[in-house]
């Protein structure tokens, strides 16, 4: 290859170089050939198939939106008809069957006994309302109430509590026959020793062990 | 890229295409078509330095379409050549990043043709183009614009927005490298023949 003059390579003028001219002739076949410029790439006028595809693409959402509007209208109409039908429905007659929710409509089994209701009926001769006329509580059968127990609400009660004096209470206390009074001289029963002052609560009384001796007792 | 680092300074004398760019910015399609005719070869040459010929033809249209859509972003019309060249280079890079398809493989990925199928598969022009592509982009671009697109040195500088001296240096260095490659190729062929 010969030396290429710089001026021809730069300006393309002057005495040409053989190899540059050969390269220009060979590579010039790959040069750009202007084509029609499509500035609007989305315009489908030039391509009918593309235009048809675009029409389908545009029509599809329209069709679906139309279908959905029809569907919504149908649902609304059905709901309106249902509401009118419910509103115009004639009132139904009360059924013979008892309302399972109402407990008063249930037949009471004869096996069930309401002790309070029957007692109230027996005592008062009629139905009583639990609020205005509370049924009297039956006494608890077989239940012994300790006389030492005091009713803390007795003061506010209408009936005064008859408290048993401690002397009488001790007298009525049952004494086991096996117990013997070690300080008793004869078979004659003696009065129990004087109890403590009445201001002491009865719960404070303790049974004295027989082994303990009272140093102040008189033999 | 080294080319993009040497933009042409704004000269006092405004080129003729500046008014055309102004008209195109206001929606004048005819003015933009004039720009397309005038700068199409530059865009095609820049694309050809990176992608194959079929892709370059299609991408040239795409580059001008992008430029038309983004023309409002171009504030100074004097920057139109460099702006358009940047769009072209980015379009080529985007094309190479896509999934490899037949005809869109990057030039570096294409297998070099063997001596036996030179005449059958590739034309002489495509072989020469492939040799130029293997050069650095700073040399390949002005060489392709000069030898393929037929632009002179000053035209290359004006249409790419690069300094004329920068283009001249790279054009002559690229030509020197191309000569060396072609000379070595001839020597290889002679060595095989003997």
**Q.** Selection count, the range A:1-41, where residues are modelled with pLDDT of 90 or more, in a loop (DSSP other than H, G, I, E, B) and more than 9 Å from chain B (Cβ to nearest Cβ)
**A.** 0
Q. Within the range B:68-80, is even one residue within 15 Å of residue A:31 (Cα to Cα), surrounded by 15 or more Cβ atoms within 10 Å (Cβ to Cβ), within 14 Å of another protein chain (Cβ to nearest Cβ) and modelled with pLDDT under 95?
A. no
Q: Take the residues in the range B:132-173 that are more than 14 Å from the chain's Cα centre (by Cα) and either buried (at least 18 other Cβ atoms within 10 Å of the Cβ) or without any contact (Cβ under 8 Å) to a residue 24 or more places away in the chain (or both), then tell me which one is farthest from the other protein chains (Cβ to nearest Cβ).
A: B:166
Q: Give just the number: which of (1) part of a helix (DSSP H, G or I); (2) out of contact with any helix residue (DSSP H, G or I) (no Cβ under 6 Å at 6 or more places or on another chain) does residue B:27 not satisfy?
A: (1)
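The values are calculated or read from the model by the stated rules, or taken from the named source; none is laboratory data. These numbers come from a predicted model, not from an experiment. Heads up, the Cβs are rebuilt from the backbone with ideal geometry, glycines too, and the neighbour counts pull from every protein chain shown.
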